[in-house]
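Computed from the coordinates by the stated procedures, all read-outs in this text should not be read as laboratory data. None of the values given here were measured: they were computed from a predicted structure. Please note: Cβ atoms are built from the backbone with ideal geometry, for glycine as well, and neighbour counts cover all protein chains shown.
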Amino acid sequence: MILRNLKAGDSLPPLVKEPISKVQLLKYAGASGDYNLIHTDVETARAAGLGDVIAHGMLSMGFLGQFLTDLAGPENVRRLQVRFGAMVRLGDVLTCRGMVQSVEPIDAERSLVTLDIWAENQRGEKVTTGAAEVFLEGGGRGTI
Amino acid sequence: MPIDRSIIGATSEPVVFEVERGAIRKLAQAIGDPNPVYQAGEVAPPTFPTTFRLSIPRLKLDPNRILHGGEEYVYERPIRAGDRITCVRRVADVYVKEGRSGTLTFVVSETEGRDPEGKLVFRGKSTVIVR
């Protein structure tokens, strides 16, 4: 992906993820070590008043991590911060989006790009919102 | 579940986590991120510190009553396979807010991860909401 002359106000190319599935939540529980059964066991989720299992908030943050590293590369994330504002359920399709807040040159080769980021569901509701800082090559031009 | 503010400052034991290629690959696969760098298990995805599970003995929360409110990671450098990272987690704040469904207690904890020389690798901040 080549983005040239990033500047404040620019929107980034969205990342559309596959629908959330039970298998994904089981895999995420195992990979992350978060075995809270509200994410994998419907009886536990109902007893907790949630109706059905809900996705790990951290899974949506993981999607936003992918969104950032698709943009900047896995070694160039300085900061990733999110707030989990709404529950994510089975079958939900999340789309990660971002907007450039600022581009600060660090030296001749690199800039620090500050972004507003969020994941929204298929109804356009923002479920996870936050901010990020990534390093991009390209000095003051904000070019990668 | 009332949580006393005297819990602020309580810490976990320091725990050394060895970053394994297979753990990197598994997390990326669970996220559905096909990046070849992760599939090779070289560099960890930015949410990898979530795998560093640290319990704070004095902080007891009922898993059926908690929701994850927010999370933050700030990196001094990326985490790579083979890293040995010593982590300590500490309760940084406890506060109460009135929500639509009653009183909610927010518990904020902060984690620091350091390399074997003591250099900071990352800082984490996690907010848990107790219903």
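Side notes on the structure shown:
- Over chain A: helical MRE at 222 nm, DSSP H runs n ≥ 4 each giving -39500 (n - 2.57), nearest 500: -7000 deg cm²/dmol
- Separation in nanometres of the label points that stand 7 Å from Cα toward Cβ, at B:D93 and B:D4: 2.3 nm
- Long-range lysine pairs (8 or more apart or interchain), the protein assembly as shown, Cα under 20 Å: 8
- When the alpha-carbon atoms of region B:1-93 are used, the pair Rg, Dmax equals 15.6, 46 angstrom.
- Karplus 3J(HN,Hα) series, Hz, for region B:104-119 with 6.51 cos²θ - 1.76 cosθ + 1.60 (x for Gly, Pro): 10, 9, 9, 10, 9, 10, 10, 10, 10, x, 10, 7, x, 8, x, 7
- Positive-end ranking of B:L120, B:I85, B:P14 along the dipole of chain B, with charges on Cβ about the Cα centre, is headed by B:P14.
- Debye-sum result for region A:1-113 in log10 I(q)/I(0), which assumes one identical scatterer on each alpha carbon, at q = 0.15, 0.17, 0.18 Å⁻¹: -0.74, -0.87, -0.94
- Point-charge dipole on Cβ atoms (K/R +1, D/E -1) for chain A, about Cα centre, debye to 20: 200 debye
- Region A:86-137, Rg to Rh (Cα coordinates; Rh as Kirkwood inverse mean 1/r): 1.17
- Helix B:21-31 vs. chain B, principal-axis angle (Cα, 0 to 90°, nearest 10): 60 degrees
- For chain B, with +1 on Lys and Arg beta carbons and -1 on Asp and Glu, the positive-most of B:V108, B:G32, B:V96 along the dipole: B:V96
- Mean projected area of the Cα convex hull of the protein assembly as shown, taken over all directions, amounts to 14.6 nm².
- Around the amide H of A:R110, modelled in the peptide plane, lie the amide H atoms of A:G138, A:G139, all under 5 Å away and 5 or more residues distant in sequence or on another chain.
- Here region A:18-61 is treated as a sphere whose radius is the Kirkwood value from Cα pairs; by Stokes-Einstein at 37 °C and 0.692 mPa s it diffuses with a coefficient of 317 µm²/s.
- Additional length obtainable on full extension of the chain from B:R84 to B:L104, 0.36 nm per residue less Cα span: 3.5 nm
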